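Down below is the structure, laid out as structure tokens.
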Amino acid sequence: MSQRIPVKELTDSFRGRAVGALADAQLRTNFRVAMDSLMKKRADAFPDEEEREGLRELGNHIKARALSRLPDLLEQLEAKLTENGVHVHWAETTEEANRIVHTIIESKQGSQVVKGKSMVSEEMEMNDYLAERDIECLESDMGEYIVQLDGEKPSHIIMPAIHKNRRQVSKLFHNKLGVDETDDVNELIQIGRRTLRKKFLEADVGVSGVNFAIAETGTLLLVENEGNGRMSTTVPPVHVAVTGIEKVVANLRDVAPLLSLLTRSALGQPITTYVNMISGPRKADELDGPEEVHLVLLDNGRSGAFADAQLRQTLNCIRCGACMNHCPVYTRVGGHTYGEVYPGPIGKIVTPHMVGLDHVPDHPSASSLCGACGEVCPVKIPIPELLQRLRQENVKSPDEPAVVQGGGSKYSWKERALWRMWMALNTRPTLYKCFLWAATRLGKLTPKNLGPWTENHTAPVPARRSLHDLAKAHLNAEKTSGDRS
Amino acid sequence: MSARDNILKKLRAGLEGSTPRPDQFDETLVTEPWQYAPEDRIQRLRSLMETVHTEVYTLAAANWPAKVQELLENRRLANLLYAPGTGHGQQLAEFWAEAAAEQNLLAYDRPIEEWKEELFWQVDASITGTAGAIAATGSLVLWPDRHEPRLMSLLPPLHIALLKASEVEDNLYVMMEKQNWPAGLPTNLLLVSGPSKTADIEQVLAYGAHGPKELVVLILEDA
């Protein structure tokens with residue numbers, strides 16, 4: 001199989017990494033098995049199509065409504081949270097967000113942080129930032145912990161260690177924690193539990209993400225199955241939540257459909273084991289919970305996507321991961337090939353706003369536009385449409401204003417000229433006829449090397465007679481024979 | 001200008017000329033598919049919770065302290081964390097004294113800082129009340145307060161929860177409405193739908209990830 005894939009130098013690009021991933025049989029099996037199972041679980045969780053479609057419509061409505069008054073809702077959220085005793089911080093960049101988190105930790109002379117699963121903190125590369133400042137920042141979600149222990153990044157937003165099998169985890173635990181190797185998943189989890197429980201106990205600060213921030217009540221809602229999110233937000237004396245500005249919803253009741261969509265789309269579960277709704281720090285007479293709660297609201301390019309009415313839909317995302325589970329490209333190349341925090345279809349439409357299209361020029365093109373992602377998206381983000389839009393944005397000429405940062409990075413005057421010629425050819429009949437005559441008579445002269453096309457295919461040779469010619473001849477023959485009868 | 005001002009300014013510029021969308025929340029979408037006849041409601045809750053390894057018992061309200069003792073005995077557990085300031089906590093303590101039960105009752109009556117190590121490593125089980133349950137998803141509603149703190153349902157390997165049969169609602173939306181959640185939420189409202197679990201390794205389900213390894217629900221039928 002791998003022999004048929006052209007050998008290309010592995011470069012630091014999507015293409016290069018994809019070639020490597022496609023040749024890795026273990027990785028492909030791990031993803032194939034996991035994605036098949038996740039797709040089945042989702043399908044089983046939505047047995048009634050009418051119910052599912054109604055709920056997706058409502059999910060889309062709630063997010064679109066929230067975005068249509070996003071700045072007001074953010075202010076309302078801030079006011080409510082402040083009233084509840086939560087400190088609210090704003091950050092335009094990940095650097096700023098890291099600085100805010102670091103300042104909070106420093107003010108408590110903290111040196112140990114435990115983290116519940118948070119994609120925004122991955123976006124910030126918070127672990128590295130804090131490590132450089134001698135603060136240990138430990139992941140406590142089992143999957144994230146495994147990935148961190150191996151010095152890797154998550155390969156899936158819901159199942160961070162999905163690319164590893166139990167033997168790989170067992171070896172890792174053996175090497176890093178000095179425990180005996182075991183093929184028993186339960187035993188592996190218990191090793192994680194014992195190791196991390198000690199860390200929860202010692203931690204000075206707990207960091208978490210947020211699934212939904214509710215403006216009406218000033219509430220941060222987190223979903224999880226393990227209990228590490230509750231640990232991180234309840235045990236340490238300080239809790240810092242980090243989230244993107246798009247996570248705010250207007251009302252508590254908005255959460256009812258969104259929760260159902262999120263857990264069913266992500267894992268096929270009617271609900272997660274824990275739904276954790278935090279509305280403030282420990283009250284004076286309460287016996288546990290953090291004494292301080294902070295929320296960091298991060299922009300990091302989101303306001304850029306927001307500025308364009310079509311691209312704004314990117315911010316509907318509730319991070320369920322269903323689009324990647326159903327993506328034929330993701331399933332084959334795996335999460336690490338994308339080289340960024342958010343992989344898969346959602347990664348392809350959200351990352352350009354964070355790092356610039358010029359940094360991820362292949363992202364919008366790494367799709368067959370089969371449409372599966374858009375079909376399963378619980379909040380109906382038209383992902384294929386947005387991918388096409390980003391492709392267009394990335395070939396805009398430098399004279400046109402860039403809508404997305406780093407846009408126009410794939411612009412080529414040669415390509416543009418070629419398409420102009422193609423257009424002229426197809427809109428001028430005389431020119432077209434001349435071209436057709438030449439192509440059918442001189443087809444043998446087609447070059448053997450046609451760039452990327454001939455990497456995987458033989459060069460096409462035009463037929464000796466065009467379809468148009470053949471049809472004409474056929475009709476003439478019929479006419480003649482018709483005249484005879 | 002501060003980051004806050006910059007962000008809000010950019011967002012407002014993006015919305016220029018547009019109007020906020022009206023609220024067209026169709027509540028039937030989250031209520032109608034999730035309605036149950038009274039006799040099916042508890043059955044639904046029970047079967048969903050049992051699917052995720054929760055033990056569920058239905059018993060007459062007066063009998064629950066004895067059941068709790070039996071659960072501890074069967075598991076050979078040495079102690080039980082309880083909330084002395086609650087009605088059920090007092091009931092439990094009375095029963096324990098009368099029955100001269102040998103399991104040690106631990107009262108959660110001081111701040112966590114004073115006994116963190118003990119709470120983390122030495123407590124075998126806990127018992128808490130609930131603020132009802134949701135049949136549609138098989139979830140308990142926990143409303144922790146100063147009498148019954150948050151960690152009671154998280155740290156001990158076994159969590160026993162008391163649920164009044166009359167407080168089971170059809171779905172989350174109805175629960176929010178009936179209890180008027182927007183009017184005032186506790187510091188930490190929780191929905192708990194089983195013991196702690198993870199599927200992070202090969203998607204193999206394993207229980208007891210970070211929270212309780214076992215969850216037992218005692219459904220109390222009103223006498």
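The values are calculated or read from the model by the stated rules, or taken from the named source; none is laboratory data. Predicted, not measured: the structure shown is a model, and the values here were computed from it. Using ideal geometry, Cβ is built from the backbone for each residue, glycine included, and neighbour counts are taken over all protein chains shown. With ligands, DNA and RNA removed, areas are computed over all heavy atoms of the protein, side chains included. Shrake-Rupley method; radii C 1.70, N 1.55, O 1.52, S 1.80 Å.
Residue-by-condition table, conditions (1) surrounded by 17 or more Cβ atoms within 10 Å (Cβ to Cβ); (2) in contact with a helix residue (DSSP H, G or I) (Cβ under 6 Å, 6 or more places away or on another chain):
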| residue | (1), (2) |
| --- | --- |
| A:Ala43 | no, no |
| A:Gly54 | yes, yes |
| A:Gln76 | yes, no |
| A:Arg99 | no, no |
| A:Ser107 | no, no |
Inspect all residues belonging to segment B:120-133 and state whether any of them is more than 23 Å from B:Lys67 (Cα to Cα) and at pLDDT 95 or above.
yes
Residues within segment A:176-223 that are in contact with a His (Cβ under 9 Å, 6 or more places away or on another chain), facing another protein chain (nearest Cβ under 9 Å) and open to solvent by 10 Å² or more (accessible area, probe 1.4 Å), tallied:
2
Look through segment B:96-145, keep the residues that are hydrophobic (A, V, I, L, M, F, W, C), part of a loop (DSSP other than H, G, I, E, B) and under 18 Å from the mean Cα position of the chain (by Cα), and return whichever of them is nearest to the other protein chains (Cβ to nearest Cβ).
B:Ala136
Which residues, counting only those in segment B:187-197, are facing another protein chain (nearest Cβ under 7 Å) and either part of a loop (DSSP other than H, G, I, E, B) or charged (D, E, K, R) (or both)?
B:Thr187, B:Ser193, B:Gly194, B:Ser196, B:Lys197
It is to be established whether one or more residues within segment B:2-9 are over 25 Å from the mean Cα position of the chain (by Cα) and open to solvent by 80 Å² or more (accessible area, probe 1.4 Å).
yes
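Condition check ((1) more than 10 Å from chain B (Cβ to nearest Cβ); (2) closer than 19 Å to A:Val113 by Cβ; (3) surrounded by fewer than 22 Cβ atoms within 10 Å (Cβ to Cβ)) across all residues:
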position: A:Ile278; (1), (2), (3): no, yes, no
position: A:Leu295; (1), (2), (3): yes, yes, no
position: A:Phe306; (1), (2), (3): no, no, no
position: A:Gln310; (1), (2), (3): yes, no, yes
position: A:Asn316; (1), (2), (3): yes, no, yes
position: A:Asn325; (1), (2), (3): yes, no, no
With respect to A:Glu226, is the statement that it is open to solvent by less than 10 Å² (accessible area, probe 1.4 Å), within 27 Å of A:Leu130 (Cα to Cα) and facing another protein chain (nearest Cβ under 9 Å) true?
yes
If we keep just the residues of segment A:353-393 that are surrounded by fewer than 18 Cβ atoms within 10 Å (Cβ to Cβ) and free of Cβ contacts under 8 Å to residues at least 40 places away in the same chain, which is farthest from A:Lys414 (Cα to Cα)?
A:Gly371
Residue satisfying all of: in segment A:284-293; of a type in the set (D, E, K, R) and within 7 Å of chain B (Cβ to nearest Cβ); least open to solvent (accessible area, probe 1.4 Å) among these:
A:Asp288
With criteria (1) over 21 Å from B:Ala83 (Cβ atoms); (2) open to solvent by less than 10 Å² (accessible area, probe 1.4 Å), B:Leu191 comes up short on (1)
Of those in segment A:440-460 that are surrounded by 11 or more Cβ atoms within 10 Å (Cβ to Cβ) and either assigned by TED's automatic domain parsing to the domain that holds A:Arg15 or farther than 27 Å from A:Val19 by Cβ (or both), the residue modelled with the lowest pLDDT is A:Gly443
Could you list, ordered by first residue, the pairs with Cβ atoms under 8 Å in which the first is in segment B:161-184 and more than 8 Å from every other protein chain (Cβ to nearest Cβ) and the second is in a loop (DSSP other than H, G, I, E, B) and of a type in the set (A, V, I, L, M, F, W, C), at least 6 apart or interchain?
B:Glu167/B:Ala131; B:Val168/B:Ala135; B:Glu169/B:Ala135; B:Asp170/B:Ala135; B:Asp170/B:Ala136; B:Gln179/B:Ala131
Filtered residue count, segment A:394-404, keeping only those that are under 27 Å from A:His61 (Cα atoms) and open to solvent by less than 30 Å² (accessible area, probe 1.4 Å):
1
Just one of B:Thr19, B:Thr31, B:Thr51 is polar (S, T, N, Q), surrounded by 15 or more Cβ atoms within 10 Å (Cβ to Cβ) and within 13 Å of another protein chain (Cβ to nearest Cβ); which is it?
B:Thr31
If you scan segment B:57-78, which residues turn out to be crowded, with 17+ Cβ neighbours inside 10 Å and outside any helix (DSSP H, G or I)?
B:Leu77
Among the residues of segment A:259-301, the number that are under 17 Å from B:Trp143 (Cα atoms) and of a type in the set (Asp, Glu) is 3
Please tell me if A:Thr103 is within 26 Å of the chain's Cα centre (by Cα), at negative phi and open to solvent by 20 Å² or more (accessible area, probe 1.4 Å).
no
Residue check, A:Arg253 against (1) charged (D, E, K, R); (2) facing chain B (nearest Cβ under 9 Å); (3) surrounded by 23 or more Cβ atoms within 10 Å (Cβ to Cβ), all met but one. Which one?
(3)
Could we say that A:Pro345 is more than 13 Å from chain B (Cβ to nearest Cβ) and either crowded, with 21+ Cβ neighbours inside 10 Å or under 23 Å from B:Ser196 (Cα atoms) (or both) here?
yes
Could you tell me whether A:Pro71 is more than 27 Å from B:Asp200 (Cα to Cα), at pLDDT below 95 and not basic (Lys, Arg)?
no
Touching a His at 6+ places or on another chain (Cβ under 8 Å) and over 20 Å from B:Lys116 (Cβ atoms): which single residue out of B:Val204, B:Val216 fits that description?
B:Val216
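So that you can scan it fast, the table gives a plain yes or no per residue for (1) basic (Lys, Arg); (2) under 23 Å from the mean Cα position of the chain (by Cα); (3) facing chain B (nearest Cβ under 8 Å):
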residue	(1), (2), (3)
A:Met231	no, no, yes
A:Arg264	yes, yes, no
A:Gln269	no, yes, no
A:Arg282	yes, no, yes
If I go through segment A:194-218 residue by residue, how many of them are among the hydrophobic types (A, V, I, L, M, F, W, C) and assigned to a loop (DSSP other than H, G, I, E, B)?
3
Within segment B:198-210, how many residues turn out to be over 18 Å from A:Thr233 (Cα atoms) and facing chain A (nearest Cβ under 7 Å)?
8
Residue by residue through segment A:278-304, note down the ones that are in contact (Cβ under 8 Å) with a residue 60 or more places away in the chain and of a type in the set (A, V, I, L, M).
A:Val293, A:Leu295, A:Val296, A:Leu297, A:Leu298
Applying the selection to segment A:147-159, what residues are within 24 Å of A:Asp204 (Cβ to Cβ) and open to solvent by less than 10 Å² (accessible area, probe 1.4 Å)?
A:Val147
